[in-house]
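Working notes, beginning with the structure itself.
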Amino acid sequence: MSHETYTSIGKKMRISRILKNGRSVIFAMDHGMEHGPDEFPKEHLNPKIILKKVIEGGADAIMVNIGIAALTWDVWANNVALIVKVTGKTSIRPKDETLLQSPTGIVEDAVKIGADGIAATVYWGSQYEHIMMEQFVEIAAICEEYGMPVLQLAYPRGPEIQNRYDPRIVRYGARAAAEIGADIIKTYWTGSKESFASVVEAASGVPVLMSGGPKTDTPLEFLKVARDVIEAGGAGVVVGRNVFQRSDPVTMMRAIVRVVHKDEDPEEVAREEGLV
Ligand code: FBP
């Protein structure tokens, strides 16, 4: 029997805290950096308040920047898995640099604070792709030393990409993420179960999570997409705006968890949770 290393056991253990039985609902809250504070409704600007609500709703993990992790540690500690995002950008930087993500933290600090995972973005197709590839390779190498799983936000965006949701392009990004050693992939919804299944297939066994996107007109609309992600072989969702921009994030999170983890019917869940 081959001897497992401490780090390989550590990585498996951390992944199992994020993905329960292979599935996960991750609450993303890096929008204060990516979009600015106005993205949050007034009642959810305080990160502690919204994090308490999504934890109550049953989120498996939260994905935040290191500063927010530090400000809210008493809320998440021992209650939910923590993923620290170590790259980012603001939306007020010059237009020609919006296709670049820069360091927002380091893996070692995430280790110190008790993280279960690291997240980093690569804009596949960007003119700065090479910089983000280099960043990702370095991040992944450090993660490897600590037994820390790394989630890649594999977002196809670039001057040559006409439609970033084109299944062929999303599939390419997911495959590139798998090729470069991501442990978990987060990418765009491609609009149909069939096309998303082809993205999952291209990732060749690396779990693929759907990136939430802007708030849908109705909660049910989002729940149906979550169901389709699961039926396409996806591992779940990473969701931000579709939870924190709604008036009742606890209920919305609970509904998403029911669809993703229990294979419950979105229409029934929405009805039972009073979301229709
Ligand atoms: P949402 O569920 O709100 O879409 O969050 C997912 C996410 O990737 C965030 O992590 C990030 O802040 C945002 O979307 C990126 O938004 P944009 O598409 O404008 O770059």
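Derivation of every value follows stated rules applied to the coordinates shown; laboratory data play no part. The structure presented is a predicted model; accordingly, all values stated were derived computationally and were not measured. We place every Cβ from the backbone using ideal geometry, glycine too, and count neighbours over all the protein chains shown.
Using the Cβ of Arg258 as centre and a radius below 11 Å, the other residues enclosed give a net charge of -3, where K and R count +1 and D and E count -1.
Dipole check for segment 57-196: with +1 at the C-beta of Lys and Arg, -1 at the C-beta of Asp and Glu, and the Cα centre as origin, the magnitude is about 560 Debye. Each of Val122, Pro149, Ser204 was scored by the projection of its Cα onto the charge dipole of the chain, and the greatest displacement toward the positive side belongs to Pro149; charges sit on the C-beta of Lys, Arg, Asp and Glu.
Across all directions, the shadow cast by the convex hull of segment 1-96 built on its C-alpha atoms averages 8.8 square nanometres. Using the Cβ-Cβ distance between Asn79 and Val276 with R0 set to 25 Å, the FRET efficiency from 1/(1 + (r/R0)^6) comes to roughly 0.25. Rounded to the nearest 20, the Cβ-based charge dipole of segment 179-268 about its Cα centre (Lys and Arg +1, Asp and Glu -1) stands at 360 debye.
Computed on the chain, the Cα convex hull volume stands at 126 Å³ per residue. From least to most packed, judged by other beta carbons within 10 angstrom and beginning with the fewest, His3, His130, His31 follow the order His3, His130, His31. From helices alone, the chain scores -13000 deg cm²/dmol at 222 nm; the rule is -39500 (n - 2.57) for each run of n ≥ 4 DSSP H residues, then divide by the residue total. Summing charges over all other residues whose Cβ lies under 14 Å from the Cβ of Ile68, with Lys and Arg as +1 and Asp and Glu as -1, gives -2. Net length available on complete extension from Leu45 to Ile92 is 15.0 nm, with 0.36 nm assigned per residue and the Cα-Cα distance removed. The mean sequence distance of close C-alpha pairs (under 8 Å, at least 6 residues apart), as a share of the length of the chain, puts its relative contact order at 19 percent. Extension gain for Asp217-Met13 works out to 69.7 nm (0.36 nm per residue, less the C-alpha to C-alpha distance). Magnitude of the charge dipole for the chain, about its Cα centre and with charges confined to Cβ atoms of Lys, Arg (+1) and Asp, Glu (-1), is about 260 debye. Building the convex hull from the alpha-carbon atoms of segment 203-276 and averaging its projection over directions returns 4.6 nm².
Taking a label point 7 Å from the Cα of Gln127 along the Cα→Cβ vector, which residues of segment 159-181 have an amide N closer than 19 Å to it? From segment 159-181, the list is 159-164. Extension gain for Thr5 to Ser247 (0.36 nm times residue separation, less C-alpha to C-alpha distance): 82.5 nm. Of all DSSP bridge pairs formed entirely within the chain, close to 10 percent run antiparallel. For an R0 of 22 angstrom, estimate the FRET efficiency from the Cβ-Cβ distance between Glu267 and Lys193 and round to the nearest 0.05. It comes to 0.85.
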